[in-house]
Amino acid sequence: MSTKKNIEVKTIFNKISYKYDFLNNLLSFGLHKLWKKKLVNLLEPKAGEDWADLCCGTGDIAFQIYKRIGRNGSIIGIDSASEIINIAKEKSDLFNNKIIEWETKDIMDINVCSQKFDGICMSYGLRNLENVNEGIEKVFNLLKEKGRAGFLDFNNSKKNSIPNIFQRIYLRKVVVPISKIFDFSKEYKYIEKSIKSFPSGNELAKIAKEVGFKNIKYRTIFFGQMGILIVNK
Ligand SMILES: C[S@@+](CC[C@H](N)C(=O)[O-])C[C@H]1O[C@@H](n2cnc3c(N)ncnc32)[C@H](O)[C@@H]1O
């Protein structure tokens, strides 16, 4: 897929790729690792299962899932930005990990007939897709029967609620100024814009239901700043 948004998103992540992990750690005070761990814990990957980390970036989630599924399972990390996938591969080589596969691909182009998973994770990816509904539907179609999926992202809270005001101040007064030091202010300004057009938790749950998911649970974490959607096929 090469729509205007896809090209814009790919350009952003290729450009910031070499500082992505560093800035994630700095801007979240390292907390993003805990939020990702929470997502993986809620999904409980089991030894021998087949998993996918979609919009994997530098692969944080894939590495955490690998620890759970072991050598008899499979895990693939897929991302459309080649530069960021290269960093995931470098990290894999560093740990001599031969189990995790990495693929540069738009997740909307994955063939749902040839690949099926017990579980799928997407952290901070859904908000960046051209179409959130189609993204959730894609995940549904990529899951085996009774498969499960989890999505972690910024929580789009009610306008002018305390979490919403805090989020706006944090993004404008902390994230953008710090990213400016690295000449990425335009790229990080994109976060606020993308949250505004991202569905709220209730809306995400509604979309998941329409797509066919069951046992849908949306919870907010870190004082309403982030949200985790857990669904079952
Ligand atoms: C904010 S990063 C998140 C990376 C990682 N999952 C994490 O939590 O750190 C979003 C990632 O989604 C990828 N992405 C956006 N749209 C995509 C698409 N249509 N197909 C595959 N990857 C996509 C971007 O290239 C980027 O690496």
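Check region 196-204 and report whether any residue there is out of contact with any strand residue (DSSP E or B) (no Cβ under 6 Å at 6 or more places or on another chain), over 22 Å from ASP53 (Cβ atoms) and surrounded by 15 or more Cβ atoms within 10 Å (Cβ to Cβ). No, there is no match, as no residue in region 196-204 is out of contact with any strand residue (DSSP E or B) (no Cβ under 6 Å at 6 or more places or on another chain), over 22 Å from ASP53 (Cβ atoms) and surrounded by 15 or more Cβ atoms within 10 Å (Cβ to Cβ).
Looking at SER194, SER179, SER185, SER157, just one residue is closer than 16 Å to SER123 by Cα and of a type in the set (S, T, N, Q), and that residue is SER194. For first residues located in region 168-186 and closer than 17 Å to TYR18 by Cβ, partners that are among the charged types (D, E, K, R) and lie 6+ apart or on another chain with Cβ distances below 8 Å form the pairs SER179/GLU187; PHE182/LYS19; PHE184/LYS15; PHE184/LYS19.
Scanning region 80-96 for residues that are within 14 Å of the chain's Cα centre (by Cα) and of a type in the set (S, T, N, Q) yields one hit, SER80. Going by what's in this entry, would LEU54 be described as buried (at least 23 other Cβ atoms within 10 Å of the Cβ) and among the aliphatic types (A, V, I, L, M)? For LEU54, the condition - buried (at least 23 other Cβ atoms within 10 Å of the Cβ) and among the aliphatic types (A, V, I, L, M) - is met.
For region 122-142, the criterion of a residue being charged (D, E, K, R), more than 9 Å from the ligand (Cβ to nearest atom) and not in a helix (DSSP H, G or I) is satisfied by no position.
Within region 29-57, the set of residues being more than 10 Å from the ligand (Cβ to nearest atom), of a type outside the set (D, E, K, R) and touching a residue at least 24 places away in the same chain (Cβ under 8 Å) comprises LEU31, VAL40, LEU42, LEU43, PRO45, ALA47, GLY48, TRP51, ALA52. Taking the criterion of being assigned to a strand (DSSP E or B), of a type outside the set (Val, Ile, Thr) and buried (at least 20 other Cβ atoms within 10 Å of the Cβ), the residues of region 72-101 that qualify are GLY77, ASP79. Could you please let me know if LYS233 is within 27 Å of LYS138 (Cβ to Cβ), among the charged types (D, E, K, R) and touching an Asp or Glu at 6+ places or on another chain (Cβ under 8 Å)? The answer is yes for LYS233. Looking at ILE120, ILE99, ILE87, ILE107, just one residue is under 19 Å from PRO45 (Cα atoms) and in contact (Cβ under 8 Å) with a residue 40 or more places away in the chain, and that residue is ILE120. Of the numbered conditions (1) within 26 Å of LYS37 (Cβ to Cβ); (2) modelled with pLDDT of 95 or more, ARG172 satisfies every one except a single condition; which is it? Condition (1) is where ARG172 drops out. Residue count for region 84-119, restricted to those that are among the acidic types (Asp, Glu) and near the ligand (Cβ under 9 Å from one of its atoms): 2.
Residues in region 143-172 that are under 21 Å from PRO45 (Cα atoms) and of a type in the set (A, V, I, L, M) were compared, and the one that is farthest from the ligand (Cβ to nearest atom) is LEU143. From the set of residues in region 9-28 that are free of Cβ contacts under 8 Å to residues at least 40 places away in the same chain and in a helix (DSSP H, G or I), which is nearest to the ligand (Cβ to nearest atom)? Only one residue tops the list, namely ASN24.
The values are calculated or read from the model by the stated rules, or taken from the named source; none is laboratory data. Source: prediction; values computed, not measured. Heads up, the Cβs are rebuilt from the backbone with ideal geometry, glycines too, and the neighbour counts pull from every protein chain shown.
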